[in-house]
Structures are given as structure tokens and as C-alpha cells.
Amino acid sequence: MVIPARTLHPGSASGEPVRLTAPLSFWGGTDEQGRIVDAHHPQCGAILAGRVLVMESGRGSSSASSVLAEQIRAHTAPAAIILARPDTIIALGALVAQELYGLATPVIVVDRPAYDDLPTDRLLRVEADPLDATITW
């Protein structure tokens, strides 16, 4: 199956998906190993590192972009991020990591209802170029 998407930051990645049921801030919401540590988040304890993160949007703070960039540098960030709504803070973190470290983490936006139909039980592949993106499984 192929689902089209919009690119916020280009790159290619694949991995096991992890779908969050609430927005997440990387600043204070995750640790240096890429685990959700926000005690109030429904998926507290979930590991994001190396997985395809599926979530509606991020949840502030502007510092979240620097935390994401550092997780990308340390290889503890999600392999790719799929959003239902554009989030410039998350896209900025991926952009900074690309510029500083040469590491590309795709960040894409999928329209509903395709977002709701993304599977969580099989590997997802994200291919995002500057103009458009696709998700396959």
C-alpha cells in the first residue's frame, strides 16, 4: 500500500511504528535514550528511538527542536516522524540536525483519513523528497 504525504523535512527511513494518542514535547517529554519520560503522557515508557513515530502533532516548547536535533545526532531519535498536522518545531529540529550533523530524519504530514488508517503492526517505509513523500508497507 502507498499513501501520499507532504514533506516538512526530506529523508528516507523505515521502522516499526509507534502511534501516540497524545501530542508530545521532546523537551522534557523524552530522555537521551529516546524513551517517553513524561509521566502524564499515555505512552510513558515507550521507546521512540529507531521507530517511525506517528502522532497528530508535537506539543511545544520551542526548545523541543534542539532536543530532537541532539537525539538525531546521538541516533536515539525516531527514524521518521509522521504527523497529522504540520509542526514547525519538529521540522526545525530535523533541519538543524541535517545542517549540523548531516543526518536526515524525514518529517511528513499525512491528511486524514489516511493518517487514521496507518497500520501499527508492520514496518513502515517513509520516502520524502523536497516536493512530496510516500509511506509504504
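The values are calculated or read from the model by the stated rules, or taken from the named source; none is laboratory data. This is a predicted model, so every value here is computed, not measured. A quick note on method: Cβ atoms are made from the backbone with ideal geometry, for glycine too, and the neighbour counts reach across all protein chains shown. Each accessible area value is taken on the protein alone, full model and side chains, heavy atoms only, with ligands, DNA and RNA left out. Shrake-Rupley method; radii C 1.70, N 1.55, O 1.52, S 1.80 Å.
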Of all accessible heavy-atom area on the chain, the percent that carbon and sulfur account for (1.4 Å): 55
Backbone HN-Hα couplings from phi across region 121-137 [Karplus 6.51/-1.76/1.60, Hz, Gly and Pro as x]: 10, 8, 5, 10, 10, 10, 10, 10, 9, x, 9, 7, 9, 9, 10, 10, 8
Amide H within-cut-off set for Leu8, under 5 Å, with H built and near neighbours excluded: Val107, Ile108, Val109
Nearest-0.05 FRET efficiency for Asp121 and Thr88, computed from C-beta distance (R0 22 Å): 0.10
Computed over the chain, Cα set: Rg, Dmax in Å: 13.1, 37
Separation between Cα centres of region 72-137 and region 23-71, rounded to whole Å: 14
